[in-house]
1. Does segment 97-133 hold any residues that are within 14 Å of the chain's Cα centre (by Cα) and either farther than 30 Å from residue 72 by Cβ or free of Cβ contacts under 8 Å to residues at least 60 places away in the same chain (or both), and which are they?
2. What's the number of the only condition in (1) within 23 Å of residue 21 (Cβ to Cβ); (2) in contact (Cβ under 8 Å) with a residue 40 or more places away in the chain; (3) buried (at least 20 other Cβ atoms within 10 Å of the Cβ) that residue 166 fails to meet?
3. Where residues in segment 52-88 are assigned to a helix (DSSP H, G or I) and at pLDDT below 95, which of them is surrounded by the fewest Cβ atoms within 10 Å (Cβ to Cβ)?
4. Any idea which of 186, 134 is within 24 Å of residue 28 (Cβ to Cβ), in a loop (DSSP other than H, G, I, E, B), modelled with pLDDT of 95 or more and touching a strand residue (DSSP E or B) at 6+ places or on another chain (Cβ under 9 Å)?
5. State the number of residues belonging to segment 179-197 that are surrounded by fewer than 20 Cβ atoms within 10 Å (Cβ to Cβ) and out of contact with any helix residue (DSSP H, G or I) (no Cβ under 6 Å at 6 or more places or on another chain).
6. Taking the condition surrounded by fewer than 23 Cβ atoms within 10 Å (Cβ to Cβ) and at pLDDT 95 or above, does residue 176 pass?
7. Residues that are over 12 Å from the mean Cα position of the chain (by Cα), in a strand (DSSP E or B) and modelled with pLDDT of 95 or more: does segment 145-168 have at least one?
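The values are calculated or read from the model by the stated rules, or taken from the named source; none is laboratory data. Since this is a predicted model, take the numbers as computed values, not measurements. Ideal geometry is used to build each Cβ from the backbone, glycine not excepted, and the neighbour counts take in all protein chains shown.
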């Protein structure tokens, strides 16, 4: 652990610890892709200052003290010696600049979400409780235009203007989720990958799908959205496991 004086010199310490735990657990679930994916968390009122993982660092090694503190309105960011990955800056910087409600942003190329994003029809029908979680709460990006440099990042940010839409199925690319906190966003990311896996495996059987009615799917989605404290308890339990294992994530 860092000395208390060192901790005092790092702003937003609890937010950093939560982020580091999310990185570590995403790697453990094999939802990362080498050193290519990124998470970010807004730390000021208008959302333009944010924490993000450093360039080309594996999720399994990220510590709270490693995270970069960036300003989406600072055009000199990519000229700094510790500049972030340019695609991360293009995508996350654009979202934090243009979508203040997106406090936390997580983007991965997890296997089942990416399989879904590779289908001609990337919609996610409500066939169980997890898939119903996302009923009328996602958008599909059908206009993949290459790596998420600033122009592509700005285009993607424009699809997240509706605060109800918290998941973007990025056609030919992967998935991006937003939320109010690290816990809220990680929980959504976790359940989207589980939902995508259920749907892909159901398709593999070749049997007809048992699709919920719009009425029931809408009811389930709202009930799960209102379910008390689940995301906070999920992240707290993951941090407890890491702590018991002696992980250095919170350093």
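1. Matches in segment 97-133: none.
2. Among (1) within 23 Å of residue 21 (Cβ to Cβ); (2) in contact (Cβ under 8 Å) with a residue 40 or more places away in the chain; (3) buried (at least 20 other Cβ atoms within 10 Å of the Cβ), the lone unmet condition for residue 166 is (2).
3. Only one residue tops the list, namely 79.
4. 134
5. So the answer is 2.
6. Spelling it out, it is not the case that residue 176 is surrounded by fewer than 23 Cβ atoms within 10 Å (Cβ to Cβ) and at pLDDT 95 or above.
7. no
For every residue, the table says whether it meets (1) crowded, with 17+ Cβ neighbours inside 10 Å; (2) more than 25 Å from residue 202 (Cβ to Cβ).
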{"residue": "107", "(1), (2)": "yes, yes"}
{"residue": "132", "(1), (2)": "yes, no"}
{"residue": "141", "(1), (2)": "yes, no"}
{"residue": "156", "(1), (2)": "yes, yes"}
{"residue": "162", "(1), (2)": "no, yes"}
{"residue": "170", "(1), (2)": "yes, no"}
